Amino acid sequence: MMTTNQTSQGTITAVAANFLYSLLFLFGLLLQPLSGTQVASWRVLTMFFSLVLLVTVLKQWQHIFDYLKTLKNAKEWFLFILPTPILGAQIWIFMWAPVNGLGLEVTLGYFLYPMIMIVVGRFFYNEDMSLLQWVAIGCAGFGIAYDIFQYGAISWATLFVCLGYPPYYLLRRYLAVPPITGLISDLVLLLPVVIIALYMNGGFEVAITNHKLWYLLPLLGIISTAAMSLTMIASQKLPVSLFGTLCYLEPIFLFVFSIAILDHNVEEGSMLMYSMIFIALLIMIADSALGYMARKRDDRLHGYNEPQVGSFPPRRRLKNRRIKGVLAAHRFRKIMKYQQKIDKMTRKIEALHLK
């Protein structure tokens, strides 16, 4: 049963995680004279070491290897690797845009991203949309249409963010890739690219010669690790709907930081668009909150027990889960071994028939 104390703890950790993710948006300014591209490369590097440390401490390597063993052919491996450049590009624009005057445009992309995902779910997975979701999409669409009519275009950075993530998640969902497995695999594949990039554009040299980067770069990794850890704690303590609702806080934090710290101004003609998108976001938050309350009310006689977001299991279940993972991998290897024998015998039988 979901206790009030557990929900409160999950809410606090989710808010903290979204705030920390938003703080990473400002690191491009703090890490100058590194360029935006160099900062993005360093973030991939520090995220990799942070995630390796986190997975090692929580003893989750076996689960990652168990999943990788289920990829059986070249097509599945290709579809597994294909989303990696998308994530790399999204990390790049997240760190590059704030120091190149496009922080507000990227923030707008993060405002639109949840609504784009709802539309993707409707048309790719035939998921039902509530009336409030339709109203939210309509408000956002009206605001964007007005801005395009007024200026004749919408920022490429906005489109890059809001249209870039859906293909990534569609491909990950197609293969049912666990989030941590997908993320660490992406970082491993991106690692050679960012190391070469840092070597070619002088990123290592700048980091060595600027003393402030000696503590700011490790801090980048620490904040990334803390944000990921808090997200996983929140995902274990909160129901899916409430956890998803709190994720809308990140674009709000990004918007506030862009205005207050990055000094990016909203053009007067674009105020209507931002107002409509903000209203749409509030409607979506209200819709998620109403859904959460309705499910909680329906289950009040049995105790509220909505499924949690899939993540790392609590420590008390780690040992059992590791044992199950090893057994599953062992069964998988035996099945593959017998399948190879059957295939070999089948080929021999077919060869005899041809004679």
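The values are calculated or read from the model by the stated rules, or taken from the named source; none is laboratory data. Fair warning: this is a prediction, and the values are worked out from it, not measured in the lab. Backbone-built Cβ (ideal geometry, glycine too); neighbour counts: all protein chains shown. These area figures cover heavy atoms from the full protein model, side chains too; ligands, DNA and RNA do not enter into them. Shrake-Rupley method; radii C 1.70, N 1.55, O 1.52, S 1.80 Å.
Filter the cross-link list LYS237/LYS337; LYS59/LYS237; LYS69/LYS237; LYS72/LYS348; LYS75/LYS334; LYS69/LYS212 down to pairs whose alpha-carbon distance in this structure exceeds 32 Å.
Checking Cα-Cα distances, LYS237/LYS337; LYS69/LYS212 exceed 32 Å.
Quick check: with the 1.4 Å probe, what order do CYS139, CYS162 take by accessible area, largest first?
Numbers: CYS139 25, CYS162 5 Å².
So the residues, ranked largest to smallest area, are CYS139, CYS162.
Report ARG122's accessible area, 1.4 Å probe, all protein chains in place, as a number in Å² to the nearest 10.
80
Hey, got a sec? Which trypsin sites (Lys or Arg not before Pro) in the stretch 49-110 land in a DSSP loop and have at most 14 other Cβ atoms within 10 Å? Before the final figure, lay out each step's value.
Numbers: sites: LYS59, LYS69, LYS72, LYS75; in loops: LYS59, LYS69, LYS72.
Answer by residue number: LYS59, LYS69, LYS72.
Which Cα, out of TYR165, LEU102, PHE204, lies furthest along the positive dipole direction of the stretch 85-220 (beta carbon charges, K/R +1, D/E -1)?
Toward the positive end, the furthest listed residue is PHE204.
Ignoring ligands and nucleic acids, what accessible area does PHE78 show with a 1.4 Å probe (Å², nearest 10)?
Result for PHE78: roughly 130 Å² accessible.
How large a share of the accessible area of the stretch 49-187, in percent, is made up of carbon and sulfur atoms when the probe is 1.4 Å and the other protein chains stay in place?
On the way: 4750 of 6610 Å².
Carbon plus sulfur share of accessible area: 72 percent.
With a 1.4 Å probe and all protein chains left in place, how much accessible area per residue does the stretch 166-214 have, in Å²? Present the calculation step by step, with values, prior to reporting the outcome.
Working: 2750 Å² over 49 residues.
About 56 Å² of surface per residue is accessible.
Rounded, prolate or oblate: which fits the stretch 131-184 when a ≥ b ≥ c are the square roots of the eigenvalues of the alpha-carbon gyration tensor, with rounded for a/c under 1.5 and prolate only if a/b beats b/c? Walk me through the intermediate numbers first.
Details: a/c = 4.28, a/b = 1.89, b/c = 2.27.
Oblate, because a/c is 1.5 or more while a/b does not exceed b/c.
Heads up, I need the accessible area for TRP134: 1.4 angstrom probe, whole protein in place, Å², nearest 10.
120
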